[in-house]
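Engineer: Mind looking over this structure? Questions follow.
Quick note: the coordinates plus some simple rules give every number you see, no bench work behind them. The shown structure was predicted, so the numbers you read here are calculated from the model rather than taken from an experiment. Please note: Cβ atoms are built from the backbone with ideal geometry, for glycine as well, and neighbour counts cover all protein chains shown.
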Ligand SMILES: [Zn+2]
Ligand SMILES: [Zn+2]
């Protein structure tokens, strides 16, 4: 079965943490290397704040899973509110992800500037 991996050697401006790929072997399709530079990835989904979201988070904030907006019980499914840590390709295609990414990048830039 194909699994998600990340090659930390193949960094590019669009993939600053390394090249993510799905393969049956932990072998990078770009540099053709395998070994300690290949990290197995777990798909992490995006929790997006949504007042009508089906998942009740802390402090009364509700969320939805970006790629499965109707999912009520994401237990056992790793999720994050930080777009940068999201590895689920379906979540990454959503508008929620784009929004979260842009707003979180802005927040980070402000942090650096201040
Ligand atoms: Zn590589
Ligand atoms: Zn997802």
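Engineer: Give me the percent relative contact order of segment 43-114, please, defined on Cα pairs under 8 angstrom at least 6 residues apart.
Structural biologist: 32 percent
Engineer: Something else now. According to a simple spin-label model (label point 7 Å from Cα along Cα-to-Cβ), what is the distance in nm between residue 58 and residue 108?
Structural biologist: 2.1 nm
Engineer: Compute the length gained on full extension between residue 101 and residue 24: take 0.36 nm times their separation in residues and subtract their Cα-Cα distance, giving the result in nm to one decimal.
Structural biologist: 24.8 nm
Engineer: Work out the P(r) tail for the chain: percent of alpha carbon pairs separated by more than 17 Å, whole number.
Structural biologist: Within the chain, distances greater than 17 Å cover 61 percent of Cα pairs.
Engineer: With only alpha-carbon atoms counted, please give the Rg and Dmax of segment 64-112, in Å.
Structural biologist: 11.8, 36
Engineer: How do 103-110, 78-85, 35-42 rank on mean C-beta neighbours within 10 Å, highest first?
Structural biologist: Answer by packing, highest mean first, reads 78-85, 35-42, 103-110.
Engineer: Using just the helices of the chain, give the 222 nm mean residue ellipticity in deg cm²/dmol: DSSP H runs with n ≥ 4 each add -39,500 (n - 2.57), and the total is spread over all residues, rounded to 500.
Structural biologist: Helices in the chain give a 222 nm mean residue ellipticity of -6000 deg cm²/dmol.
Engineer: What is the Cα centroid distance between segment 22-47 and segment 70-111, reported in whole angstrom?
Structural biologist: 20 Å
Engineer: Using only Cα atoms, find the angle between the long axis of helix 95-113 and the longest principal axis of the chain, and express it within 0 to 90 degrees, rounded to the nearest 10.
Structural biologist: On a 0 to 90 degree scale, this one is about 90.
Engineer: Now for a different question. State log₁₀ I(q)/I(0) for segment 1-41 at q = 0.19, 0.23, 0.28, 0.33 Å⁻¹ as given by the Debye formula over alpha-carbon point scatterers of equal weight, solvent excluded.
Structural biologist: -0.43, -0.63, -0.90, -1.19
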